[in-house]
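Each remark here refers to the structure printed beneath this line.
No lab work stands behind these numbers, since they all come straight from the coordinates. Source: prediction; values computed, not measured. All Cβ positions, glycine included, derive from the backbone under ideal geometry; neighbour counts span all protein chains shown.
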Amino acid sequence: MANIDKEPSTRVIPLPKERECLAILGEDGEVTGYLSKTRKNVLGVHWVATFQDGLTWLAQQDMTGEQWRVLAYLLGQLDFDNYLKVQQTEIADKLHMKKPNVSRAMKKLAELDVITVGPMAGRSKTYRLNPRIAHRGAKNYRNTLIEYDRLKELQKKNKSE
């Protein structure tokens, strides 16, 4: 076993797309591990991954400019695993829209299955963005899909009762 108290020697190894990492070499000169070089995140700390098929589908829907604006705002507020806790009055204030117009836009987005209404958080509704359109999360995409579909089924069941 290599002595871990010793400073390992390093060598820069170029990888595809000009990414580099440091190779950690053991006493025998064999590579024992790699360390990625720290890279500056030029996109900032907030991000959301969108899917091309989802965006193409959205473009084919009959949505007004106000509905697109509300959707863009929701994407900007998206939390991990596609949760949204945004009050319609906040959306109206931030977008300089009337609250009834925001309400109609949210209703249309729900009808199109872009968002679904989640459980209440106090006196506020929560929402969840359809993960087939976009996703925010590190490793839970499949779980987010399953949970979203379960929430939709529960809503259908509650409406039929």
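A viscosity of 1.306 mPa s and a temperature of 10 °C, combined with the Kirkwood radius over Cα pairs in Stokes-Einstein, give a translational diffusion coefficient for segment 108-155 of 141 µm²/s.
Checking every one of the trypsin sites (Lys or Arg not before Pro) in segment 103-161 against DSSP loop status and a limit of 12 other Cβ atoms within 10 Å picks out 123, 139.
With 0.36 nm allotted per residue and the present C-alpha distance subtracted, the residue 124-residue 46 stretch has 25.7 nm of extension available. Hand me the tally of lysine pairs in segment 49-160: alpha carbons under 16 angstrom apart, and the pair either on different chains or 8 or more positions apart. The result is 15.
Summed over all non-identical Cα pairs, the Kirkwood treatment of segment 76-161 gives a radius of 13.6 Å. Listing 124, 160 from fewest to most neighbouring C-beta atoms within 10 Å gives 160, 124.
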